[in-house]
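To start, the structure itself, in structure tokens.
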Amino acid sequence: MITRSAFVAVAFAVSAASGLLPGQVRAAGDLVAFPENYAEGVRYTTVERGNIREEIFTSRAAVEAVKEGRPLPGGTVITLVDYRDGKLFRYVVMEKRSGWGVDRPPESRNGEWEYQAFGADRTVNRGETLDRCFACHKSQAGQDFVFTLDRMRGTR
Ligand code: HEC
């Protein structure tokens, strides 16, 4: 009989091994790693709504591309740092890389973007349903799936 813990151990070993092989297909949502250096980029806008404050960061290269009317380049990472009542609550991150998204069905695909949600401790929040990210951001397909693209364009 295969115990649950043995099964989890095998599944973990498989996913850990696949992590060593770039280019292998990994579980959806595991493509986006925590962006450790996000704060070295540009904080291009802050959105406040009730008790929520969202500080949104991206790279200088992304800002320059948008200002010049070019698509956001492959490798672009956008990090939204979500505070509630002044306390760090979580991070949500989107990342675009050339070749990403090809395996997604057209009705959910967001170009070459992938998404991930992290807790305040920067670990992946497995409880988050990433399909929701794709579904909602798809409404912004006309501006590269980014709600705050205009704010990026207006950044100095
Ligand atoms: C119901 C709609 C909705 C869902 C679901 C959603 N977002 Fe967003 N997202 C927004 C809106 C609207 C903004 C613009 C900022 C604001 O108004 O709060 C935004 C902004 C962002 C940004 C900053 C770049 C941008 O588009 O402006 C990132 C990164 C982001 N979301 C990631 C995620 C991730 C990751 C998930 C899933 C875990 C997710 N979002 C789910 C609506 C959504």
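Do we have Arg90 as touching an Asp or Glu at 6+ places or on another chain (Cβ under 8 Å), free of Cβ contacts under 8 Å to residues at least 60 places away in the same chain and among the charged types (D, E, K, R) here? So that I can check it myself, show each step before the final result.
Values: touching an Asp or Glu at 6+ places or on another chain (Cβ under 8 Å): yes; free of Cβ contacts under 8 Å to residues at least 60 places away in the same chain: yes; among the charged types (D, E, K, R): yes.
Yes: the conditions hold for Arg90.
Would you confirm, using the coordinates I've provided, whether Gly111 is of a type in the set (Gly, Ala, Ser), open to solvent by less than 30 Å² (accessible area, probe 1.4 Å), farther than 22 Å from Thr46 by Cα and at pLDDT 95 or above? First the steps, then the outcome.
Working: of a type in the set (Gly, Ala, Ser): yes; open to solvent by less than 30 Å² (accessible area, probe 1.4 Å): yes; farther than 22 Å from Thr46 by Cα: yes; at pLDDT 95 or above: yes.
It is true that Gly111 is of a type in the set (Gly, Ala, Ser), open to solvent by less than 30 Å² (accessible area, probe 1.4 Å), farther than 22 Å from Thr46 by Cα and at pLDDT 95 or above.
If I filter the stretch 130-153 for residues that are open to solvent by less than 40 Å² (accessible area, probe 1.4 Å), without any contact (Cβ under 8 Å) to a residue 12 or more places away in the chain and not aromatic (Phe, Trp, Tyr), do I get at least one hit?
Yes, the stretch 130-153 contains at least one residue that is open to solvent by less than 40 Å² (accessible area, probe 1.4 Å), without any contact (Cβ under 8 Å) to a residue 12 or more places away in the chain and not aromatic (Phe, Trp, Tyr).
Mind listing whichever residues of the stretch 114-129 are of a type in the set (D, E, K, R), open to solvent by 20 Å² or more (accessible area, probe 1.4 Å) and either in contact (Cβ under 8 Å) with a residue 60 or more places away in the chain or within 22 Å of Phe147 (Cβ to Cβ) (or both)?
Going residue by residue through the stretch 114-129, those that are of a type in the set (D, E, K, R) are 114, 121-122, 126, 128.
Right, trim to open to solvent by 20 Å² or more (accessible area, probe 1.4 Å) and you get 121-122, 126, 128.
Across the stretch 114-129, the qualifying residues are Arg122, Glu128.
Listed here are the residues, each with its yes/no results for (1) out of contact with any strand residue (DSSP E or B) (no Cβ under 8 Å at 6 or more places or on another chain); (2) crowded, with 17+ Cβ neighbours inside 10 Å.
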site	(1), (2)
Asn37	yes, no
Gly41	no, yes
Tyr44	no, yes
Glu48	no, no
Ile52	no, no
Phe57	no, yes
Arg60	no, no
Glu64	yes, no
Pro71	yes, no
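The values are calculated or read from the model by the stated rules, or taken from the named source; none is laboratory data. Predicted, not measured: the structure shown is a model, and the values here were computed from it. Using ideal geometry, Cβ is built from the backbone for each residue, glycine included, and neighbour counts are taken over all protein chains shown. For the accessible areas, the whole protein counts, side chains as well, though only heavy atoms, and no ligand, DNA or RNA atoms are used. Shrake-Rupley method; radii C 1.70, N 1.55, O 1.52, S 1.80 Å.
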